[in-house]
Amino acid sequence: MPGLPAHTSHLVASAAGRVVGWACLGPYRPQDADWGEVRALYVHPDVLGTGVGRALLTAGTARLRAAGLPRVRLWVLCDNRRARRFYERAGFAPDGAVQCDEIDGAGVPEVRYARG
C-alpha cells in the first residue's frame, strides 16, 4: 500500500514540547480488502475536548484513505461511553460485531464501529 506501512503507522500530537496524543492505524486485522483500522487512539486527560483526538482521527483516516483503505473499523470498550460518543460524532456506528478479550482473568467486552 503506498504511503502506509504493511502493518502499522503511528501519529503523535504534541503541545508545548510534550506528547498529548497518539494514534495507531493500519490495514484491518485480519486483512479485509479495502478496510483500514484505527487500532488505538489515546489523548492525555489534560487535553480532552480540545480537538486533539479529532485531529488525530481525521489525519489517521485521511492517511488510510490515501493508502487505498477508504472504509475504517475500530474496536471500543462497551462501557467507554465517552469514546463511543466521540466516534459516533465522527460518523462511526456500531456494525454488530462484538468480542470479549480476557485481561488478568476478567472479560473485557468490545464493540466494533465502522465508517465508510
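The values are calculated or read from the model by the stated rules, or taken from the named source; none is laboratory data. Keep in mind that what you see is a predicted model, and the values were worked out from it rather than measured. For neighbour counting, all protein chains shown are included, and Cβ atoms are generated from backbone atoms with ideal geometry for every residue, glycine included. Ligands, DNA and RNA are stripped out before the accessible areas are found, and what is left, the full protein with its side chains, is counted by its heavy atoms. Shrake-Rupley method; radii C 1.70, N 1.55, O 1.52, S 1.80 Å.
Across the chain the C-alpha pair distances fall into 10 Å bins from zero in the proportions 13, 44, 35, 8, 0 percent. Since only Trp35, Ala114, Val47 are under comparison, the one whose Cα sits farthest along the positive direction of the charge dipole of the chain, derived from C-beta charges on Lys, Arg, Asp and Glu, is Val47.
Once fully extended, how much extra length lies between Cys24 and Asp79, figured as 0.36 nm per residue of separation less the alpha-carbon to alpha-carbon distance?
17.7 nm
Solvent exposure of the chain amounts to 57 Å² per residue of accessible area, where only protein heavy atoms count and the probe is 1.4 Å. Among beta bridges identified by DSSP and lying wholly in the chain, the antiparallel ones come to about 90 percent. With a Förster radius of 25 Å applied to the C-beta separation of Ala15 and Ala62, the computed FRET efficiency comes to 0.75. Each residue of region 52-63 was assigned a 3J(HN,Hα) from its phi angle through the Karplus curve 6.51 cos²θ - 1.76 cosθ + 1.60 (θ = phi - 60°); the sequence is 5, x, 4, 5, 5, 5, 5, 5, x, 5, 5, 5 Hz, with glycine and proline shown as x. Annotation: amide H of Val20 within the under-5 Å range of Ala13, Ser14, Ala15, sequence separation 5 or more or interchain, hydrogens built in the peptide plane. Split the accessible area of the chain by element, probe 1.4 Å, and carbon with sulfur accounts for 53%.
Output needed for region 1-60: three equivalent-ellipsoid semi-axes, defined as square roots of 5 times the C-alpha gyration tensor eigenvalues, in descending order, whole Å.
25, 11, 9
Out of Gly68, Gly96, Gly26, any idea which swings most in a Gaussian network model of the chain, alpha carbons joined below 10 Å? So, out of Gly68, Gly96, Gly26, the one fluctuating most is Gly96. For the chain, the relative contact order comes to 22 percent (Cα pairs under 8 Å, sequence separation of at least 6). For the chain, modelled as a GNM with alpha-carbon contacts under 10 angstrom, which of Val47, Val20, Val72 fluctuates the most? So, out of Val47, Val20, Val72, the one fluctuating most is Val47.
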